[in-house]
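Notes follow once the structure below has been shown.
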Amino acid sequence: MSWDSASPLGKLTVPIPPDTHVAMPYSRSTPTARRNPRGPLVFDTRTLPRRPGSARTETRTVPAPADLHTGLARVPEGADLQLDATLESVTEGVLITVTAVSPVVGECARCLEPVPQTIEVLCRELFSYEQGAGDVDEDGYALDGDLLDLEPVLRDALVLALPLAPLCRQDCPGLCVECGALLAQAGPEHGHESAIDPRWAGLWQRMTQAEPVGQPVPETCEESGRGRP
């Protein structure tokens, strides 16, 4: 961890682990209604001094919001999310950095078997101090008084990290295209006879039907009639 003096926010630079998903939100917005201070994803910043460089950390276990899904994977509504949050005072507002660990359920994209997983995301966002209506930045978030609502930031970060086509294993053979059997359970001996194209069924039948039973007819030769030796 090092102090980044060149940054306009004057924030601490935290190294990011290589296996962690770093996600930025799709869209940003400012609050339009007063937040519930008891909301599981609402942070009260009154205990954080408004002096640049002040910081505090907090750990929470919160229920997952609804509608966190994409493709064949989703975060179950109400599932436990493990949050490690750091709130830092900067000149413009409060910079929050959150590491979230979430369970994920879904279906294998090849065999459709259940695939339970766990993902970890890291999101970082600046919430500016509340301003007048004419000074609100439409491209950023703002505190609602002393309250910081993390839900829209966390929601976008989790959805971006969900796998679009989860696999139960990297070499999953999938399903049999003929009968739908699980090839991983059916084994390598599983197979079907090649189906005959209906357009060629009549020709195939004629080619494979049995030859007529009986003695072959001997060949006959015509003689010239000029006499025999």
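At-a-glance table
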read-out: Förster radius 35 Å - calculated FRET efficiency between Glu120 and His192 (Cβ-Cβ, nearest 0.05); value: 0.20
read-out: Residues Arg169 and Asp67, FRET efficiency given R0 of 35 Å [Cβ-Cβ distance, rounded to 0.05]; value: 0.75
read-out: Segment 74-174, accessible surface, carbon-and-sulfur percent (1.4 angstrom probe); value: 47 percent
read-out: Sequence-distant residues sharing a close amide H with Leu68 (under 5 Å, placed H); value: Val75
read-out: Loop trypsin sites (Lys or Arg not before Pro), segment 41-85 (other Cβ atoms within 10 Å of the site Cβ: 16 or fewer; DSSP); value: Arg46, Arg50
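The values are calculated or read from the model by the stated rules, or taken from the named source; none is laboratory data. Predicted, not measured: the structure shown is a model, and the values here were computed from it. Virtual Cβ from ideal backbone geometry, glycine too; neighbours counted across all protein chains shown. What goes into the accessible areas is simple: the full protein's heavy atoms, side chains included, and nothing from ligands, DNA or RNA. Shrake-Rupley method; radii C 1.70, N 1.55, O 1.52, S 1.80 Å.
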